[in-house]
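The values are calculated or read from the model by the stated rules, or taken from the named source; none is laboratory data. This structure is a prediction, so every number in the text was calculated from the model and none was measured. Using ideal geometry, Cβ is built from the backbone for each residue, glycine included, and neighbour counts are taken over all protein chains shown. Ligands, DNA and RNA are stripped out before the accessible areas are found, and what is left, the full protein with its side chains, is counted by its heavy atoms. Shrake-Rupley method; radii C 1.70, N 1.55, O 1.52, S 1.80 Å.
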Amino acid sequence: MATVTASLVDNSIETPGQRAPLVLGGQDYASVTDTVCRIAEAPRMPLAWYVALAISSSLTAMLGVVVAYLLATGIGVWGNMNPVFWAFDIVNFVFWVGIAHAGTLISAVLFLFRQNWRTSINRASEAMTIFAVICAGMFPAIHVGRIWVIWYTAPLPTQNWVWQNFRSPLMWDVFAISTYASVSAIFWYMGMVPDFATFRDRATNKWKYFAYGILSLGWNGSARAWHRYERAYLLLAAMSTPLVLSVHTIVSFDFATSQLPGWHTTIFPPYFVAGAIFSGFGMVLTLMVPSRELFGLKDLITPRHLENMCKIILATGTIVGYSYAMEFFIAWYSGSRYEQFAFINRAFGPYWWAYWTMVSCNVLSPQLFWFKKFRTTPWLMFIVSIFVNIGMWFERFVIVVTSLHRDFLPSSWAYYMPTTIDICTLIGSFGLFFTLFLLFLRFLPVVAMAEIRGVMPHPQGEGEQH
Amino acid sequence: MHYHHQPDLPAPQPVLAAMVAEFQTPRELIEAARKVRDAGYQKFDAHSPFPVHGIDDAMGIRMSRLPWFTFGAAVFGGLNAVGMQWWMNTVDYPFWISGKPFASIPAWMPIIFELCILLGCFTTVIVMFLLNGLPRFASPFSRAVSTLRSSSDRFFVSLDARDPKFSLEGSRQLLESIGARHVEACYIDPADAKFPKALVFGAIMLGSVLVVPPVAIAKHRWEEKRIPKVHWIQDMDFQTKFKTQKANKFFADGRSMRQEVVGTIARGDLEDDDKLFKGLEHDDGTLERLLNAPPAAPAAPQPAPAGGAPAAQEPDPLDALPWVKTVPIPVTLETLKRGEERYNIYCSVCHGIAGDGDGLVTLRAMELQQGTWIKPVSYHTENVRNQPIGRLFNTVTHGVRKMSAMGDVVTVQDRWAILLYLRALQKTRTGDPADVPADVLPELKDVKFE
């Protein structure tokens, strides 16, 4: 049977000439299946899961109430006001879209780079992607105020006989986000089909058999099916890789194609993409560290996986820090007084507190990952990942609000503050996100079992190297 | 119709569908698959809980056609995006934005790219499942008892009973000889593979119920109703605002409409040109006082002034005002034509096309003989001809006798244009060849008057 030396517990140590194992604890095919299926098959979840669900579903209910209030009353319930017409709505949108990048990055980009360690975390990250896109998509939808005419953004033939302006980055956004959401969803689902078949084959009652049977589409692990499945997976990865890079690029165009100092800059696309990966991995760590503790996934999501994610956070966090510095350099180098003012004002103006929160969380805190202790101690990296989440939210706040609040016309300068409804909507979106993620943990295969089996050392020392 | 109950018809029997054999490792599976293939089987398959690399060669699986579908779909998506954006933004609904080109390939690229990816990805996944014969409700393999672990940690080879080489004993022997741990013949009940009828029925019922709301909405929208329709999305159709004639508790006088604040003039109401707006050379307020004076006690009924015998007893105080004698707007042929057009619209219905006081309304009113109609005075009377044009302007603006005030109906420019035309009409009766420029005179010789 497939076994790994049980004594080896720390696979974050590099041994020359030998690939570090990706699965620990003497696991074989059957025990991987058991480890993952146990979560969905258990009659009860750990107490922490119920507590978390109670909190997050209450917050989701609050989100429902504030959104209903918003739609019934109007956008005036938010703090958006001249000159800050874009505020929490767009800040939260960009924040959640950014988070949504890690999933497809892990599924697609790391797949193309043959990074086998992705198999333990790709399923949960993809789920996180879908849920983050749901949270993100909510904000543009409700910020139009009259959500019942949101279909105006779709090129549908109607009696209005008016078409959209396809040269507008906001239209690009509609296409990019909806493409990203639907492609991520189908990628996620396709990945789950073989695991649904496992669930179906282990079903203990008729209802589970029926539900997972429908979801698995009758998959029976046929070699001919696997052949096409792997081909499809490769094609999807090849197409999702440019897609994942394009989405935040296009989101950054919302800002970069305007003429506002602080927004009108060519560094935005790469800077946004790096920030998105940074925040996405931050959120993956935030979710994975407690999940692996709670659900006994430590043998599958090993210290090596966590360390690799920490390294990516360190790399992208440093790119983000470089971008912050480069923005200042370009502002100085451009010789434009308005550009210079925008950045001096950003760091030392009325919103200095937001700027320096952003810098300390995004640039300084990931630097801790230079130390191996931080990269291998789960609770430490959990704390850093929380800082990364906070910092990335503030980055979007800084970009949106500080650029707008002092525009070209000093008579319209103002100090934006969110209302209670703004803050409740943000908190509620976290509630929605965590509710969906907790339900995912309960009902769906949280780890890609079929993929893990594929990267395990095969029995009797055989099997090919991928 | 009773043959269902005939006892001699046999119930459908399970038929032999496949033979499945279990192996424990990927390598055993690859070897077994190769041997089955070498034995000449064609309809066979291997089943594993993850893709076993190397089995394609062993089984002779050729490269899938899937990428061609992906490529075709991506190209189709991209072309669609080009066509959609081109037609919508340059042909059907061009947007003028800062003079930027309507057809702008760089600006179209993001959506072209996204639609390539969207169609490519969905086609890849859907075609992959379809080529694999999925979704499928049941297969002989999944009906076997021992195959449940094929999705966890066991490896299987299945031989389809439809293969010409297949035989119950021969196939079993082959599988056992190549090291299978367990071999099972797998039967399938034809009735078993069908989708449960209860579910089909349930789905149809649910679908029918779901159709009801949209149909009800469509019916409601389509029908004509005596009462206002249900107005779900109010948008700005009903606004909390004060309308003109509504009562309003907020103000002491209970009215929504407000008077001008004393000492102010509403925008556009500053009529500071006496000549243009009043027809007076200069105004000291006399005109306004006279116009606002309470009407004198009705005089004793007198016969309608037929044919111009003005009551000469009292001098009209308006006569004494300094009326302008010329039109205070530029006199051009265009103004005159405009005046003709406006005259024919607003004045001729009572005054007649030629100004004789014989418009259609007048003729009809006189025919009715109600005694309340006062026939308009002909323009061609001495009195009207001699009135200064400013006085006539005042009459048009404020009305006289039965004639209503036209000041609110016809703009000030048009009123002067009408008066210019009125003077032209008068000239048609009193004109003299000497008034006509010599070079135009020959043309007039051919004009025939009735």
| said: Need one value for B:132-139: mean number of C-beta atoms belonging to other chains within 10 Å of its residues' C-beta atoms. | reply: 6
| remark: Looks like region A:1-101, by Cα gyration tensor root eigenvalues a ≥ b ≥ c and the a/c under 1.5 rounded cutoff (else prolate when a/b is bigger than b/c, oblate otherwise), is oblate
| field | Candidates B:SER64, B:SER208, B:SER98, ranked by Gaussian network fluctuation over chain B, Cα under 10 Å, top entry | value | B:SER98
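I need the helices of chain B that pass two filters: whole DSSP H segments spanning 24 Å or more by Cα along the axis, and mean Kyte-Doolittle score no lower than 0.0.
Details: long enough: B:66-86 (30 Å, 0.90); B:105-131 (37 Å, 2.20); B:197-222 (37 Å, 1.23); B:412-430 (27 Å, -0.21).
What comes out of the filter, once short or polar helices are dropped, is B:66-86, B:105-131, B:197-222.
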| query | Where in chain A are the helices, taken as whole DSSP H runs, whose Cα atoms extend 20 angstrom or more along the long axis and whose Kyte-Doolittle mean reaches at least -0.5? | reply | A:47-73, A:118-143, A:169-201, A:223-256, A:268-294, A:303-334, A:378-397, A:420-443
| field | Buried area at the B-A interface (accessible, heavy atoms, 1.4 Å probe, summed, Å²) | value | 6100 Å²
| query | So what does the Cα-only Debye profile of region B:128-236 read at q = 0.18, 0.21, 0.24 Å⁻¹, as log10 I(q)/I(0), no solvent term? | reply | -1.07, -1.24, -1.38
| request: Please compute P(r) over all alpha-carbon pairs of region A:217-295, binned at 5 Å starting from zero, and give each bin as a whole-number percent. | output: 3, 13, 12, 12, 12, 14, 15, 9, 5, 3, 2, 0
| field | Taking all pairs of distinct alpha-carbon atoms in region B:314-450, Kirkwood radius in angstrom | value | 16.4 Å
| message | Rounded to the nearest percent, how much of the accessible area of region B:41-162 (1.4 Å probe, protein heavy atoms only) is carbon and sulfur? | response | 67 percent
| Across peptide B:140-151, what mean number of C-beta atoms from other chains lies inside 10 Å of a residue's C-beta? | 4
| Filter on A:LYS298/A:LYS373; A:LYS206/B:LYS43; A:LYS208/B:LYS197 - keep pairs with C-alpha separation over 21 Å | A:LYS206/B:LYS43
| message | In chain B, if the dipole is taken from +1 on Lys/Arg beta carbons and -1 on Asp/Glu beta carbons about the Cα centre, which of B:GLY120, B:PHE137, B:VAL412 is farthest to the positive end? | response | B:PHE137
| said: Treating only the Cα positions of chain B as identical point scatterers, give the base-10 log of I(q)/I(0) from the Debye formula at each q in 0.05, 0.07, 0.08, 0.12 Å⁻¹. | reply: -0.58, -0.72, -0.82, -1.15
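With each run of n ≥ 4 DSSP H residues scored as -39500 (n - 2.57), what mean residue ellipticity at 222 nm is computed for the protein assembly as shown after dividing by its residue count and rounding to the nearest 500 deg cm²/dmol? All intermediate terms of the calculation are to be shown ahead of the outcome.
On the way: 32 runs with 478 residues, N = 916.
That comes out to -17000 deg cm²/dmol.
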| request: Report the residues of region A:129-173 in range of a label on B:ASP235: point 7 Å along Cα→C-beta, backbone N strictly under 20 Å from it. | output: A:141-165
| said: Using 0.36 nm times the number of residues separating B:VAL361 and B:VAL82, minus their current alpha carbon distance, what extension gain do you get? | reply: 94.1 nm
| message | Sorted from largest to smallest, which semi-axis lengths in Å does the alpha carbon gyration tensor of region A:233-272 give for its equivalent ellipsoid, taking the root of 5 times each eigenvalue? | response | 27, 7, 5
| said: Can you give me the orientation-averaged projected area of the convex hull built on the Cα atoms of the protein assembly as shown, in nm²? | reply: 66.3 nm²
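For an R0 of 60 angstrom, estimate the FRET efficiency from the Cβ-Cβ distance between A:SER12 and B:PHE242 and round to the nearest 0.05.
Working: r = 74 Å, r/R0 = 1.23.
Once the sixth-power term is evaluated, E becomes 0.25.
Just to be sure I understand: if I project the alpha-carbon convex hull of region B:199-280 onto a plane and average over all orientations, what area do I get in nm²? Show your work: numbers first, answer last.
Details: hull surface 50.9 nm².
That works out to 12.7 nm².
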| said: I'd like to check one number: the per residue accessible area of the protein assembly as shown, probe 1.4 Å, reported in Å² as a whole number. | reply: 53 Å²
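Which value, in debye to the nearest 20, describes the size of the charge dipole of region A:261-393 about its Cα centre when Lys and Arg Cβ atoms bear +1, Asp and Glu Cβ atoms bear -1, and nothing else is charged? All intermediate terms of the calculation are to be shown ahead of the outcome.
Values: 9 positive and 5 negative charges, 58 e Å.
Here the size comes out at about 280 debye.
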| query | Which three extents, in whole angstrom, do the alpha-carbon atoms of chain A cover along their principal axes, largest first? | reply | 76, 56, 41
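How do B:GLU224, A:GLU339 stack up against each other in accessible area, from largest to smallest, with a 1.4 angstrom probe?
Result of the area sort, largest leading: B:GLU224, A:GLU339.
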| field | Nitroxide proxy distance, nm - points 7 Å out along Cα→Cβ at B:GLN413 and B:LYS445 | value | 4.0 nm
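Based on the Cβ-Cβ distance of B:ALA216 and B:ASP319, what FRET efficiency does E = 1/(1 + (r/R0)^6) give at R0 = 51 Å, to the nearest 0.05? Don't skip to the answer; put the middle values down first.
On the way: r = 74 Å, r/R0 = 1.45.
It comes to 0.10.
Loop only by DSSP, 12 or fewer other Cβ within 10 Å of the Cβ. Give me the chymotrypsin sites (Phe, Trp or Tyr not before Pro) in region B:344-450 that pass, ordered by residue number. Numbers along the way, then the final one.
Working: sites: B:TYR346, B:TRP373, B:TYR379, B:PHE393, B:TRP416, B:TYR421, B:PHE449; in loops: B:TRP373, B:TYR379, B:PHE449.
Here the chymotrypsin sites (Phe, Trp or Tyr not before Pro) that fit, given the DSSP loop and packing criteria, are B:PHE449.
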| How far, in nm, would the chain grow between B:ALA405 and B:ALA434 when pulled straight, counting 0.36 nm per residue and subtracting the alpha carbon separation? | 6.7 nm
| With every protein chain present, what accessible area does B:HIS231 have (1.4 Å probe, heavy atoms only), rounded to the nearest 10 Å²? | 70 Å²
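Are there any chymotrypsin sites (Phe, Trp or Tyr not before Pro) in region A:314-402 that are in a DSSP loop and have at most 13 other Cβ atoms within 10 Å? List them by number. Don't skip to the end; give the middle numbers.
Values: sites: A:TYR322, A:TYR324, A:PHE328, A:PHE329, A:TRP332, A:TYR333, A:TYR338, A:PHE341, A:PHE343, A:PHE348, A:TYR351, A:TRP352, A:TRP353, A:TYR355, A:TRP356, A:PHE369, A:TRP370, A:PHE371, A:PHE374, A:TRP379, A:PHE382, A:PHE387, A:TRP393, A:PHE394, A:PHE397; in loops: A:TYR351, A:PHE371.
Sparse-neighbourhood loop chymotrypsin sites (Phe, Trp or Tyr not before Pro): A:PHE371.
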| query | What does the charge dipole of region A:47-198 about its Cα centre add up to, to the nearest 20 debye, if the Cβ of each Lys and Arg holds +1 and the Cβ of each Asp and Glu holds -1? | reply | 160 debye
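Using 1/(1 + (r/R0)^6) with R0 = 51 angstrom and r between the beta carbons of A:SER258 and B:ASP57, what's the FRET efficiency to the nearest 0.05?
Numbers: r = 56 Å, r/R0 = 1.11.
The pair A:SER258/B:ASP57 has a calculated efficiency of 0.35.
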| message | With +1 on the Cβ of every Lys and Arg and -1 on the Cβ of every Asp and Glu, and nothing else charged, how large is the dipole of the protein assembly as shown about its Cα centre, in debye rounded to the nearest 20? | response | 2220 debye
| task | Order the peptides B:161-167, B:330-336 from the highest to the lowest mean number of other Cβ atoms within 10 Å of their residues. | result | B:161-167, B:330-336
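With a 1.4 Å probe and all protein chains in place, put A:ARG44, A:ARG224 in order of accessible area, largest first. Please list the in-between numbers first.
On the way: A:ARG44 165, A:ARG224 70 Å².
Largest accessible area first, the residues go A:ARG44, A:ARG224.
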| field | Three-way shape call for region A:375-466 based on the alpha-carbon gyration tensor, with the a/c threshold at 1.5 | value | prolate
